[in-house]
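I have placed the structure first, in the form of structure tokens, so that the comments after it can refer back to it.
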Amino acid sequence: MRYDEFLAQVRDVGEYEDQREAEQVTRAVFSVLAERLPGTTLDHLAAQIPEPLDEALRPLDGLEAEPFGIEEFYSRVAEATGARPLTAQQDSGAVLSTVGRAVSGGELNQVLSHLPSGYAVVFGKPELA
């Protein structure tokens, strides 16, 4: 999926005003996801995300993945975007459901294998929840 296509889907799902807002939310969600997943999984996921959005998925040197649940994920997204928790939940869904459509099934399964079941629905995969 191309950069403009990815952001158009995020914009449509999240009902954002413009592409700039969709990109800001995408980068915020990706930065929180980067705190949650191990480095090799992030590298493989980033390889399937269009440039320059993939930069936000790069692991930070020396930091290990933090084991936090979906509510903490939403809280961190809210903090990163300055939004309310419910808005952060919607933002996360707009971005991660687009990821669920943009990456291969094998890669999505790899990502979800590192997350508690509550994350599956956010990626648009409720049957895994």
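Brief remarks follow.
- Given (1) modelled with pLDDT of 95 or more; (2) buried (at least 20 other Cβ atoms within 10 Å of the Cβ); (3) part of a loop (DSSP other than H, G, I, E, B), index of the condition LEU115 fails: (1)
- Residues (under 14 Å from the mean Cα position of the chain (by Cα) and among the polar types (S, T, N, Q)) located in segment 1-56: GLN9, GLN24, THR26, SER31, THR41, GLN48
- One residue from LEU45, LEU96, LEU63 being surrounded by 19 or more Cβ atoms within 10 Å (Cβ to Cβ), touching a residue at least 24 places away in the same chain (Cβ under 8 Å), out of contact with any Gly (no Cβ under 6 Å at 6 or more places or on another chain) and farther than 18 Å from GLY14 by Cβ: LEU45
- Residue count for segment 1-54 satisfying the condition of being assigned to a helix (DSSP H, G or I), modelled with pLDDT of 95 or more and of a type in the set (Val, Ile, Thr): 6.
- Any hit, segment 69-91, residues being part of a helix (DSSP H, G or I), under 19 Å from PHE6 (Cβ atoms) and touching a residue at least 60 places away in the same chain (Cβ under 8 Å): yes
- Residue within segment 104-112 that is of a type in the set (Ser, Thr, Tyr) and either in contact with a Lys or Arg (Cβ under 9 Å, 6 or more places away or on another chain) or assigned to a helix (DSSP H, G or I) (or both) present: no
The values are calculated or read from the model by the stated rules, or taken from the named source; none is laboratory data. Remember, it's a predicted structure, so these values are computed and weren't measured experimentally. Quick reminder, even Gly has a Cβ in these numbers, built from the backbone with ideal geometry, and neighbours come from all protein chains shown.
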